[in-house]
Structure formats: structure tokens, C-alpha cells
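Colleague: I am attaching a structure below and will ask some questions about it afterwards.
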Amino acid sequence: MVDRYAIVRKIKQYAEDNNVPIMLQEGIDFLTTYILKNHVKNILEIGTAIGYSAIMMALVDSDVKVTTIERDEVRYLEALKNVKSLGLEDRITLIYNDAFNVKLEETFDLIFIDAAKAQSIKFFEMFERNLNRNGAIITDNLKFHGLVDQNEDEIKSKNLKALIRKIKDYINYLKNNEKYKTEFYDVGDGISVSVKK
Ligand code: SAM
């Protein structure tokens with residue numbers, strides 16, 4: 001019998017030791033509760049990293065399936081190893097590619113966007129065609145470690161300033177997108193849930 005908790009702890013430790021950004025505990029709790037409450041069965045994740053959130057989502061229920069995309073080879077290989085160590089390879093499909101090169105025919109109950117934060121509008125527009133009726137698009141890091149709410153003049157790095165502007169643009173995009181009803185949650189690093197109207 002595999003000790004799932006021990007393996008998950010190891011994955012989190014690897015992320016910490018190797019500076020791999022993974023979802024905060026509060027965010028994971030929110031996401032897994034959402035999956036359970038809404039009977040989500042098929043999930044598309046953009047941004048696998050080392051498979052932590054994909055694994056946590058798949059562990060919600062034995063009939064949850066996750067397809068997840070990662071463009072970084074080292075992270076993808078680590079994710080592959082982690083998924084196998086938990087015996088989840090039948091339920092988690094890992095795609096090693098840039099998400100912008102991936103065309104999927106399948107539709108999903110939930111699309112979780114957790115990749116390059118400056119590109120969220122593009123991911124949203126590219127993958128919304130893969131969303132089921134009544135499906136939801138969830139996005140993480142809308143607070144970006146508190147920087148989104150900080151006075152812009154206090155942010156010294158030009159690149160960081162540009163990134164924060166892009167996240168603000170995405171928030172406005174969601175607020176003004178009339179095809180979806182978006183709720184914003186002050187949990188973890190800031191999460192939005194956009195449900196098709
Ligand atoms: N969801 C993961 C978790 O919580 O365990 C964390 C994902 S991490 C925040 C973001 C990941 O997205 C990085 O590993 C990065 O390489 C990947 N990424 C960024 N842009 C991407 C793209 N265009 N296509 C595929 N992967 C991308």
C-alpha cells in the first residue's frame with residue numbers, strides 16, 4: 001500500500017527545495033472543495049509544474065481525471081515520476097508542450113489556469129472552447145503575493161511592474177466578460193472562479 005501522504009509531503013518538500021512554485025495549501029483546499037461540491041470529473045490544467053495540484057485534484061475522487069500541460073522538461077519529468085509513484089497514470093494525462101501549441105478536442109468540467117501569469121487572457125481565450133456547459137475556469141495568483149494591491153510606485157522592477165499590470169488587466173477582463181459570471185476569492189494567493197452564464 002502506498003503512503004499517499006508521505007509521497008505528497010515529499011513532493012511539497014521537493015518544490016520548496018528547488019524553488020518550484022506550487023499552489024498554497026489554502027488554494028488547494030479551495031480547489032479540492034470546489035471539485036467535490038460541484039461533482040467535477042474532467043479537469044484541464046495549464047501549468048503542471050511537478051504535478052502537485054494535478055495529483056491533489058485527482059485524489060479528490062477515484063473518478064476524477066486530469067489532463068495537464070507543462071512546457072518545462074525537468075518539471076514535466078518530475079511530474080511524470082510523481083504521478084507514477086502514486087499509481088495515478090490512468091487518471092492524470094501529462095502533456096509536455098507549450099500550452100499555446102496544444103489543441104484539444106475534449107471538453108472539461110473545470111479548466112484550471114496556473115501557468116505564465118502575464119498570459120492568462122490568452123490561455124482563457126484559447127481554452128474556453130474546451131469548457132463544458134456549466135463548466136468553470138479557475139485562475140490562481142490574482143493577488144501575486146500581495147503585489148497586485150500594492151501601490152505601483154513601490155514596485156521597483158520594471159518587469160514585475162509589467163507583470164502586475166497584466167494581472168490587473170486579466171482581473172478587469174474577467175469583470176467585464178459578459179459570457180461568464182466571475183467570483184473573486186481572497187484565499188491563498190487570490191483565486192477567481194468564472195462560470196459560463
Ligand atoms: N499548478 C502547479 C501546482 O500548483 O502544483 C504549479 C504551476 S506553476 C505556478 C506554473 C507552471 O506553468 C510552471 O511550471 C511553468 O513552466 C508552466 N508554464 C508557464 N507557461 C506555460 C505555457 N505556455 N505552457 C505550458 N506550461 C507553462
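Colleague: Filtering region 164-197 down to residues that are among the aromatic types (Phe, Trp, Tyr) and assigned to a helix (DSSP H, G or I), which residue is surrounded by the fewest Cβ atoms within 10 Å (Cβ to Cβ)?
Modeller: The selected residue is 173.
Colleague: Can I ask one more? Only one residue in 44, 24, 31, 36 is within 25 Å of residue 183 (Cβ to Cβ) and at pLDDT below 95. Which one?
Modeller: Answer to the check: 24.
Colleague: Here is a list: 70, 45. Which entry is buried (at least 20 other Cβ atoms within 10 Å of the Cβ), of a type in the set (Asp, Glu) and in contact with a Leu (Cβ under 8 Å, 6 or more places away or on another chain)?
Modeller: None of the others qualify; the one that does is 70.
Colleague: Please give the number of the condition residue 156 fails out of (1) assigned to a loop (DSSP other than H, G, I, E, B); (2) in contact (Cβ under 8 Å) with a residue 12 or more places away in the chain; (3) more than 21 Å from residue 70 (Cα to Cα).
Modeller: Residue 156 satisfies all of (1) assigned to a loop (DSSP other than H, G, I, E, B); (2) in contact (Cβ under 8 Å) with a residue 12 or more places away in the chain; (3) more than 21 Å from residue 70 (Cα to Cα) except (2).
Colleague: Output yes when any residue across region 5-17 is more than 9 Å from the ligand (Cβ to nearest atom), surrounded by fewer than 19 Cβ atoms within 10 Å (Cβ to Cβ), in a loop (DSSP other than H, G, I, E, B) and touching a residue at least 40 places away in the same chain (Cβ under 8 Å), and no when none is.
Modeller: no
Colleague: Starting from region 85-106, take each residue that is touching a residue at least 12 places away in the same chain (Cβ under 8 Å) and list its partners that are more than 14 Å from the ligand (Cβ to nearest atom) and basic (Lys, Arg), counting only C-beta distances under 6 angstrom and pairs at least six apart or across chains.
Modeller: 91/65
Residues are listed down the side, and each one gets a yes or a no for (1) surrounded by fewer than 19 Cβ atoms within 10 Å (Cβ to Cβ); (2) within 14 Å of the chain's Cα centre (by Cα):
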position: 84; (1), (2): yes, no
position: 93; (1), (2): yes, no
position: 99; (1), (2): no, yes
position: 102; (1), (2): yes, no
position: 112; (1), (2): no, yes
position: 131; (1), (2): no, no
position: 136; (1), (2): no, yes
position: 141; (1), (2): no, yes
position: 146; (1), (2): yes, no
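The values are calculated or read from the model by the stated rules, or taken from the named source; none is laboratory data. Here the structure is a predicted model, which is why all the values come from computation and not from measurement. Backbone-built Cβ (ideal geometry, glycine too); neighbour counts: all protein chains shown.
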